[in-house]
Amino acid sequence: MANAAAKQAQTVVTLGEREPEAESLLKIAVRRFFKHRMAVAGLVIMAAILLYTIGGAFFVSEEFANDADVTQRFEAPSAAHPFGTDEVGRDLLARTIYGGQISLAIGLISVTIAISIGTVVGLVSGYFGGLVDSILMRFVEAMLAIPTLILLLLLQRPLIEASATNIVIFGRQISVTVVAIILIIGLTSWLGLSRIVRSLVLTLKEQEFITAAHMLGASNWRIIFVHILPNCLAPILVSATLGIGGAIVVETALSFLGFGVLPPTATWGNILQRARVDPYEYPWMWMAPGALITLTVLSINFIGDGLRDAFDPRSMKGG
Amino acid sequence: MGKYIIQRILQAIPLLIIISIVVFSLMKLAGDPFAYLAQDPRATPQDRALMRAKYGLDDPLPVQYITWLVGDDWRMRDKTGDGELDSYGDRRGVLRGDLGESIVYGRTVGEVFSIRLPNTLILMVTQYVVTIFLALFIGIFAALRKYTVADNIITGISFVLFSMPVFLLALLLVQVFAVQFKHLGLPYLPVSGMYDPRGDRSIDELVRHLILPVASLAAISIAGYSRYIRATMLEVINSDYIRTRAPKACPNGVSRSCTRSRTHRFRWSRWWRWTCHSCWAARSSPRRSSAGRGWAPRLLRRCGGPICS
């Protein structure tokens, strides 16, 4: 009898020794992400676009991108101007390179702002509940009920009027409207995320490890940022990725309507906008920036999709 | 149920008030509606002040909001800007159906709306109907043929369309179906207007003019919705009640043979209806699907607890 018990104990021990170390969820996610073919394709396209916009700047100067040569207006694509020229004779290849930098920067920075606000509002609202939650969520619902474009147009005017000069960043003269657009997009696109984070917090805060943290005497803020926030990172990461694509499209739409970044600072959006002069007669004016925008957003969507699948334990594809 | 509906309506009232205050304040931020008079040499600053006084633009913001909401025919107003109260106002307020007067068009806002609303509705309703039908069809088709060539092609096209700004797609369609078709001498589509100015105002003309705008608007929403329907379908197909029903409807479960088999058409349609209902139910409650049924809470449930801590 005692012998049998000892034997059993030994089996347990050996089993315990043989058990492989459990992989962390992050490692699993990374492995799955790189098995996701579309996500990897997205990464490759994104790398190519970054190479084009940042690497291209070493071959073409910004003066050339902003250099208007009226003798060469509306030139169709040729060896001298692979993407053609615009209505004042600026080379579109150079402009898409420098415009791309601004467009991508607008996407990245505005999403950073949106993610910060959305996460904090979601965490606070979900964790504290009650009156704070009601006020914040009613505000979010009210903002969601206003058409985004109208909100953007109305906000855009006072911000752009308040800032009519150029600023210098990394040695480049950049229209302050870039900052205005970043703020506008950042301040209006956090709503959806705050609701996602809030719903996550609502389920998380009922769990035992939060109760344990309370009993150990952790403060509310410590619980929110040390215990709850890390558990919300996956959906935040996914919506940040997809948000970059969204922000680039919004910038393009605003610029296309003439409310975006003001020239001479180029963005993919305002290059497209110049094409409104005669989009049917000079299609190359919108084809190159249009293709670049589509490719960028496409690759971002691929990456976002890959991240979503990688973090989702339900999808066994590529697991 | 009745109590629940009333409760929801009562909850919506403060929300509507907040929305109207936010939008009203934003409109005020947009600037002085009479700023354009500053460039007009015929208008003196006194004229401008008079106009501002007439429309009550010098009142404090809360007063302007109240005027907009419930009108000003119940109080004395200073209409000439001289600091004296002249007469009762003539606005009845939004709550009593008076949307006010458009400064740009010189008509009441209600008139301006009623001229434009039918055209907007024609475009949006057509677009929505096309979107629903095609998205449902494409989504279900792709779900039934999961990971086949057809599904992959549909997925690829959806991703590209979904990544395009809508006006870019519109430019592209115009370039192909209007400009290039005209160059090639093929029948081409009109790019603007609702009717041909030289032709009649027939329904054919309207449809011809609708094709390009509806196609560009619908294509992008179809790309999004069909992905959504495909995902929901895949979820529903694997659920218990379909699994138990499927052998009755289709002998080999949900297979391609079932779509071809005439004898099973009736049951097939019933099965189709269930899945559609499930799709729409999930679609119509975005809040629930993002909170309770989305992938993130499920992720947490599956992992059985905290991820990193």
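The values are calculated or read from the model by the stated rules, or taken from the named source; none is laboratory data. Keep in mind the model is a prediction, meaning the values are calculated, not measured. We place every Cβ from the backbone using ideal geometry, glycine too, and count neighbours over all the protein chains shown.
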When you go through (1) away from chain A (no Cβ under 14 Å); (2) under 26 Å from A:MET143 (Cβ atoms) one by one for B:ASP73, which number turns out not to apply?
(2)
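So that you can scan it fast, the table gives a plain yes or no per residue for (1) surrounded by 14 or more Cβ atoms within 10 Å (Cβ to Cβ); (2) closer than 30 Å to B:MET194 by Cα; (3) under 36 Å from the mean Cα position of the chain (by Cα):
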position: B:ILE6; (1), (2), (3): no, no, yes
position: B:LEU15; (1), (2), (3): yes, no, yes
position: B:GLN64; (1), (2), (3): yes, no, yes
position: B:ARG107; (1), (2), (3): no, yes, yes
position: B:PHE113; (1), (2), (3): no, yes, yes
position: B:ARG116; (1), (2), (3): no, yes, yes
Going by what's in this entry, would A:LEU136 be described as touching a helix residue (DSSP H, G or I) at 6+ places or on another chain (Cβ under 9 Å) and modelled with pLDDT under 80?
no
For segment A:205-223, what are the residues that are touching a residue at least 40 places away in the same chain (Cβ under 8 Å) and within 12 Å of chain B (Cβ to nearest Cβ)?
A:LYS205, A:ILE223
When you scan segment B:1-93 for helices (runs of 4 or more DSSP H) that lie fully inside it, which ones turn up with 3 or more residues that are among the hydroxyl-bearing types (Ser, Thr, Tyr)?
B:2-29
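Mind telling me which of the residues B:TYR65, B:TYR36, B:TYR55, B:TYR4 ends up being at pLDDT 85 or above and among the aromatic types (Phe, Trp, Tyr)?
Checking each option against the conditions leaves just B:TYR65.
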Would you point out the residue of segment B:151-183, among those that are more than 7 Å from every other protein chain (Cβ to nearest Cβ) and among the polar types (S, T, N, Q), that is farthest from A:TYR280 (Cα to Cα)?
B:ASN152
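Of the residues B:GLY106, B:GLY93, which is under 29 Å from A:ALA142 (Cα atoms) and away from chain A (no Cβ under 14 Å)? Spell out the reasoning first.
Details: B:GLY106 fails: under 29 Å from A:ALA142 (Cα atoms).
Being under 29 Å from A:ALA142 (Cα atoms) and away from chain A (no Cβ under 14 Å) holds for just one of B:GLY106, B:GLY93, which is B:GLY93.
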Just the residues that are over 19 Å from A:PRO283 (Cβ atoms) and surrounded by 11 or more Cβ atoms within 10 Å (Cβ to Cβ), please, taken from segment B:184-198.
B:MET194, B:TYR195, B:ASP196
Out of B:PHE177, B:PHE141, B:PHE162, sole residue that is under 17 Å from B:ILE222 (Cβ atoms), crowded, with 18+ Cβ neighbours inside 10 Å and touching a helix residue (DSSP H, G or I) at 6+ places or on another chain (Cβ under 9 Å)
B:PHE162
